[in-house]
Amino acid sequence: MRPSDIAHPEHFHKVVDCQYACPAHTPVPQYIRLIAQQRYSEAYLLNWESNVFPGVLGRTCDRPCEPACRRGRVEEQPVAICRLKRVAADFKDDIKAQLPTIPEQKNGKKVALVGAGPAALTVARDLAPLGYQLDIYDAQPKAGGFMRSQIPSFRLPEAVLDEEVGYILDMGPVTHFNHYVDSLQSLLAQDYDAIFVGSGAPRGRDLPNLPGRQQADADIHIGIDWLANVAFEHTTSIGEKVIVLGGGNTAMDCCRTARRLGGKDVKVLVRSPFDEMKASAWEKEDALHEDIPIIDNHVPTEFVLENGKLVGMRFDKVEAHYDSSGKRTLQPTGEQAFYPCDQVLVAIGQENAFPWIERDLGIEFDQWETPVVDATSFQSTLPRVFFGGDAAFGPKNVITAVAHGHQAAISIDLFCQGESVLQRPAPRTNLISQKMNIHDWTYDNGVAADLRFAVPLADKEQALNDRRLEVELGFDLATAYQEAERCLNCDVQTVFDAANCIECDACADVCPTSCINFTADGDEDDLRGRLNAPSSNRDQVLYIADGLKTGRIMAKDENVCLHCGLCAERCPTGAWDMQQFNYQVTKSAELLAVPLVPKQQRVG
Amino acid sequence: MSYAKSTFRHPSLQPNQLGYDKRAYEGALSTLCAGCGHDSVGAAIVQACFEANIEPHKVAKISGIGCSSKTPAYFLGKSHGFNSVHGRMPSVATGANMANRDMIYLGVSGDGDTASIGFGQFAHVNRRNLNMLYLVENNGCYGLTKGQDSATTDVGSVSKKGQANPFTAIDLCATALEMGATFVARSFSGDKAQLVPLIKAALRHPGFAFIDVLSPCVTFNNTTTSTKSYDYVRDHVAATGAIDVIPMQQEITTDYQPGSSHEVTLHDGSVVHLYKGDVDLDVTCKVSAQEAIRRHQLEGAVLTGLLYMDPQSRDFHQMINSVKGPLRDLDEAALCPGQKALDAINASFR
């Protein structure tokens with residue numbers, strides 16, 4: 001195989017599974033180490049630089065990092081990365097002084113941001129330190145977008161959201177709340193150098209053609225609208241018997257909120273099998289924990305009314321069948337079911353809607369009525385209009401919106417400075433040896449065998465009586481430390497230098513997970529077939545180095561490397577070294593006074 | 001800091017036929033110098049016992065004194081062990097073997113422990129064809145006492161000390177052949193593909209099996225002028241050909257070219273396959289082995305691989321017609337056969 005190009009930024013980036021999986025590429029192992037070192041403020045700021053809303057995300061993130069976590073491949077459960085992020089937010093000091101200063105002297109460029117959700121707020125944060133003049137428009141009375149309107153406060157306390165949104169509003173953008181932008185044309189007519197559209201995916205899907213839909217309209221609510229009404233206190237109660245339709249996270253938020261607003265018999269009915277529901281596993285667990293049954297394989301067929309009043313819903317039972325390519329079809333079993341209810345919450349998805357964008361402005365729309373947006377620059381076909389978050393490519397999640405915001409901010413800055421938006425800045429990377437002394441590394445390289453620690457929950461009775469009472473209590477510091485120690489420090493890379501290797505096999509012998517091989521070269525299939533341990537996970541690269549005296553190659557399967565450093569410990573010649581790999585997505589502005597690479601400090 | 005081996009292992013590694021995973025054969029984390037050849041030998045022993053489906057508690061590891069003799073702490077942590085007096089491992093192994101012939105005896109020694117202080121014991125354990133594997137981790141120096149030349153250091157070899165060795169080296173394989181060993185092999189710590197099957201075959205051999213493993217001392221004897229350095233051994237190695245051990249009752253699945261392989265059937269029906277290399281050698285002929293060793297020595301090459309094995313080997317117990325089982329199984333009736341038996345014995349002397 002071709003020797004690995006470890007100088008390429010993406011080579012070692014892929015080894016840091018969590019960071020690689022994170023849309024914003026948050027340096028996860030690095031902040032987890034800072035938590036273990038009780039440096040919560042630094043851990044917070046490192047997060048803040050990457051993902052802007054650590055306190056929000058530490059509670060509500062979709063956590064693509066956790067399924068990717070290497071720990072989950074070595075034992076069952078990944079590190080509780082998300083909840084450790086919350087620890088940083090919960091235990092930090094006042095960090096305001098560390099935030100970037102906003103220049104008094106503006107740079108003369110003016111940008112309008114449509115929407116005050118995570119994408120637009122990220123753009124604002126990334127541009128404000130450069131001296132941009134920013135105008136934020138939002139239809140709601142407060143900033144936060146879907147973070148405020150759709151995430152119930154028992155999952156995300158308002159104070160946490162206010163704090164993190166506040167850091168950005170304090171940077172001085174001009175806010176126009178309660179201001180629904182109904183015409184892009186009129187915005188374009190103003191003196192904005194660029195416009196960012198981060199208006200989300202505001203339209204909840206409905207079931208307009210289901211019998212009884214019109215007649216029962218008063219008792220049927222669209223999930224996201226209903227959640228927003230609860231958040232802004234337009235809605236304060238619900239019937240006792242509630243059916244929630246849908247299997248995503250919004251459905252989970254709906255059913256749990258319904259339980260708190262007076263719903264006694266709340267159930268979720270979903271078309272797909274339980275295991276294939278879109279909702280995150282932990283959100284399903286949380287719903288079940290609050291005595292909400294999730295009834296799967298049920299397709300709604302009718303809203304049933306009696307005397308003009310909704311009394312229940314009828315469903316067809318289905319079974320999932322899969323063809324040879326794995327494609328699923330739901331086939332009716334012939335059985336029907338009826339569930340009584342007073343009200344129905346429809347949470348079966350949401351979509352983009354741009355009734356306020358005139359179609360003759362030069363912004364191209366595709367067949368699904370969504371704007372054509374460049375996936376790298378987030379620029380639309382009208383050069384000074386940029387899109388991001390759910391508005392760009394449909395509903396995703398907060399962390400994706402943040403990642404879009406960073407890239408859009410870079411584009412807007414390039415555009416306003418008259419440069420090509422295609423000239424993307426390279427990520428910043430470096431590798432730093434972590435060796436301090438014999439048997440002494442800067443990081444805690446012993447691999448803890450602890451199983452994942454559970455986050456304690458508030459008393460269920462109390463939680464169900466108060467929609468503002470946060471259910472998850474967060475880790476205490478002692479548990480946080482133990483959970484942090486479960487991190488395998490995947491960013492501390494095993495770096496191999498063939499010129500120093502004497503091929504004594506010490507590394508291969510000591511490696512607990514049999515990752516390291518010295519063997520004859522071959523193509524990838526051949527090599528993977530004859531390594532010391534099965535090498536079937538092709539998502540994980542083989543680290544190949546040539547230049548050994550015997551003409552063999554060093555082949556390391558990165559799949560279950562524990563980053564314990566024993567290879568480097570047992571190497572007599574320093575051919576192996578443990579080097580911390582930093583990977584930072586370049587932002588439009590320098591955002592942190594503290595360096596990305598924390599001071600090397602002994603752990604323990 | 002941490003210098004501990006995680007208990008995690010590769011999640012897809014399969015256990016062996018006995019249901020043991022490889023961890024059951026591992027020992028404590030080594031405290032030898034990083035890069036020591038002995039650690040590779042230990043890893044090869046772990047691999048061999050794992051692959052050969054040997055129950056760890058059926059093995060007794062016995063050693064003397066030296067870096068080599070420390071190594072039993074680093075493998076087979078669930079086996080029995082006896083770290084004995086310098087050069088006296090053969091006596092302890094003999095005693096243990098006499099008391100319980102059902103165990104598998106693994107003696108681990110070094111060049112000092114075998115070729116110097118223990119040379120006398122080494123000669124006699126060969127002669128007795130004691131059923132054991134006697135493995136020497138041969139680094140050509142006294143590593144534990146700062147690397148003085150040992151009795152296996154080649155003439156002219158220069159270690160880190162900087163002085164050429166003036167004395168003739170003892171060739172342990174040649175000695176073993178001369179003294180009566182019935183299985184003799186030489187290998188290299190850096191060649192597990194060769195060493196692991198040799199250990200498996202040696203553990204199965206009914207009689208005295210000797211393996212001289214060149215195992216470089218990274219700290220004192222891995223210089224460019226030493227004949228026991230990693231580079232020198234790699235550059236001068238000549239191998240007799242690979243071997244493969246097929247246990248009895250197991251179907252032979254390995255493919256090999258007709259005529260390229262030589263089979264030796266062991267007493268229990270297992271088969272050792274020898275794949276012929278370039279070396280002209282008949283491994284069942286002692287004279288052929290002696291001649292091959294000598295010839296390679298003269299050419300400046302290190303001959304590795306299986307050198308000799310006697311398929312008709314009769315071990316010490318068979319030679320002295322000792323009791324068939326472990327002594328601990330003998331009951332009072334067997335130990336005190338009574339007046340009648342004594343009378344018969346006495347009568348036989350009259």
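Read-outs: derived from the displayed coordinates by stated rules, not from any lab. The model shown is predicted, which means the values in this text are computed figures rather than measured ones. So basically every Cβ, Gly included, is an ideal-geometry build from the backbone, and we count neighbours across all protein chains shown.
Per-structure values
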quantity	calculated
Degrees separating the helix B:89-99 axis from the principal Cα axis of chain B, which is the longest one	30
Centre separation in Å (Cα based) which lies between the range A:147-196 and the range B:170-204	77
Computed E for residue B:329/residue B:14 - FRET, C-beta separation, R0 51 angstrom, nearest 0.05	0.90
DSSP-defined beta bridges in the protein assembly as shown - what % are antiparallel, rounded to 5	50
Estimated inter-spin distance, residue A:305 and residue A:536, nm [label 7 Å along Cα→Cβ]	5.6
Approximate spin-label separation residue B:83-residue A:520, in nm, with each point projected 7 Å along Cα-to-Cβ	4.1
Whole-angstrom gap from the range A:66-128 to the range A:222-240, using each part's C-alpha centre	28
Per-pair calculated FRET efficiency, R0 = 60 Å: residue A:232 and residue A:331 via Cβ, rounded to 0.05	0.90
Choice from B:314, B:328, B:294 showing the highest fluctuation, given a GNM over chain B with Cα pairs closer than 10 Å	B:328
Cut-off 12 Å between beta-carbons: net charge of the residues surrounding residue B:291, Lys and Arg +1, Asp and Glu -1	+1
Cα-Cα over 18 Å, subset of B:146/B:228; B:22/B:70; B:22/B:78; A:241/A:309	B:22/B:70
From phi via Karplus (6.51, -1.76, 1.60), per-residue ³J(HN,Hα) for the range B:117-128 in Hz, x at Gly/Pro	5, x, 4, x, 4, 4, 4, 6, 6, 4, 4, 7
Translational diffusion of the range B:85-219, µm² s⁻¹ [Kirkwood Rh, Cα pairs; Stokes-Einstein; 37 °C; 0.692 mPa s]	217
Nitroxide proxy distance, nm - points 7 Å out along Cα→Cβ at residue B:321 and residue A:423	9.9
Given charges at Cβ of Lys, Arg, Asp, Glu: the range A:204-350 dipole, positive-most of A:294, A:221, A:231	A:221
Selected from B:77, B:140, B:19 as most flexible by GNM, with chain B as the system and alpha-carbon contacts under 10 Å	B:19
Choice from B:180, B:305, B:95 with maximal GNM fluctuation in chain B (Cα, 10 Å cutoff)	B:95
Selection from A:151, A:337, A:478 lying farthest towards where the dipole of the protein assembly as shown points positive, charges on Cβ	A:478
Lys, Arg +1 and Asp, Glu -1 on Cβ, resulting dipole of the range B:134-248 about Cα centre, debye, nearest 20	280
Residue among A:514, A:535, A:547 farthest towards the positive dipole end of the range A:492-584, charges placed on Cβ	A:514
Helix A:81-91 axis, angle to chain A major axis (alpha carbon atoms, nearest 10°)	80
Rg in Å to one decimal, and Dmax rounded to a whole Å, for the protein assembly as shown via C-alpha atoms	36.7, 132
Span from the the range B:288-322 Cα centroid across to the the range A:557-587 one, whole angstrom	45
Student exercise, the protein assembly as shown dipole from Lys, Arg, Asp, Glu Cβ charges, in Debye to nearest 20	2460
The range A:363-467: GluC sites (Glu not before Pro) in DSSP loop, at most 15 other beta carbons within 10 Å	A:364, A:369, A:419
Qualifying lysines (Cα of each under 17 Å from Cα of residue A:278; at least 8 residues distant if same chain)	A:267, A:327, A:396
FRET efficiency, 1/(1 + (r/R0)^6) with R0 25 Å, evaluated for residue A:462 and residue A:38 via beta carbons	0.20
Angle in degrees between helix A:249-260 and the longest Cα principal axis of chain A, rounded to the nearest 10	60
